[in-house]
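Input: a single structure, listed below in structure tokens.
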Amino acid sequence: MSAGAARKSDDILHPLLLRIVHWINAFAVIVMILSGWRIYNASPLFGFEFPVGFTLGGWLAGALAWHFAAMWLLGLNLLAYILYGILTGHFRRRFLPLWPGPVLQDLKDAFAGRAVHAPGRYHGGQRAAYVFAILSIILAIVSGLAIWKPVQLQELTALMGGFEAARRVHFFAMGALVFFIVLHVGFAVGVKGVLKPMITGRPERAE
Ligand code: HEM
């Protein structure tokens, strides 16, 4: 390998596979949320409905079709991401350590606009946010399975406290994801030099 080629491959911040699973994941999560809002509107749990303009599917059956299609994409893609993260050591390198003290300090710094974004390293706030997002997706999938197949998976539904409780868990997992997405997209767009590498793989260069 030439020196130039070696330097180029060393430059990669986010490997291609990670970028592919990240963007598929983002697409699938957004489809799940928007179609989920339409399904929720057909039988609201709480005293409100989501504005129809922010939902996907047009009607209940259409929304269910979107929800179940994206469910497979999300589940299989998440599995690929988790296997990649564990087998390549990516999770260990990028998400650990996660000590509460430094995480809180880094979160405060991030909201004050003082966080340090070192190339290829996430600060404590990012690490906690990404682990939070992954756990929220897992909770959404598990609680979703409990309300999708309450007879076949009755132990799982019982573990969630029954069908109605599982619906609430599913709703709050969605809420946690929406909370994450609002902050995540805000930081990704607002912090210079963060978004482009998740598209091209390479750090942004000062021209
Ligand atoms: C909608 C659901 C989304 C989820 C669940 C999600 C989740 C994640 C996770 C877990 C990571 C860490 C990746 C890793 O290193 O393993 C990440 C990184 C990243 N995401 Fe997302 N993401 C979502 C949507 C988006 C969107 C819409 C954008 C852009 C507007 C975005 C921009 C980024 C960027 C730029 C990074 C890298 C951050 C950095 O290097 O500091 N994500 N995302």
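The values are calculated or read from the model by the stated rules, or taken from the named source; none is laboratory data. All figures in this text were calculated on a predicted structure; none of them were measured in a lab. A quick note on method: Cβ atoms are made from the backbone with ideal geometry, for glycine too, and the neighbour counts reach across all protein chains shown.
Which condition number does A146 fail, the rest of (1) surrounded by 18 or more Cβ atoms within 10 Å (Cβ to Cβ); (2) within 11 Å of the ligand (Cβ to nearest atom); (3) at pLDDT 95 or above being met?
Here A146 meets the rest and fails (2).
Could you name every one of the helices (runs of 4 or more DSSP H) located completely within region 1-119 that has at least 1 residues being touching a residue at least 24 places away in the same chain (Cβ under 8 Å) and not basic (K, R)?
It comes to 16-42, 60-87, 90-95, 100-111.
Hey, can you tell me all the residues within region 159-207 that are in contact with a Pro (Cβ under 9 Å, 6 or more places away or on another chain) and in a helix (DSSP H, G or I)?
Across region 159-207, the qualifying residues are F163, A166, K196, P197.
Can you find even one residue in region 152-169 that is within 16 Å of the ligand (Cβ to nearest atom) and under 18 Å from the mean Cα position of the chain (by Cα)? Even if it seems obvious, please write down each step before you answer.
In the first step, residues of region 152-169 are kept if they are within 16 Å of the ligand (Cβ to nearest atom); the result is none.
Checked against the condition, which is being within 16 Å of the ligand (Cβ to nearest atom) and under 18 Å from the mean Cα position of the chain (by Cα), region 152-169 yields no hits at all.
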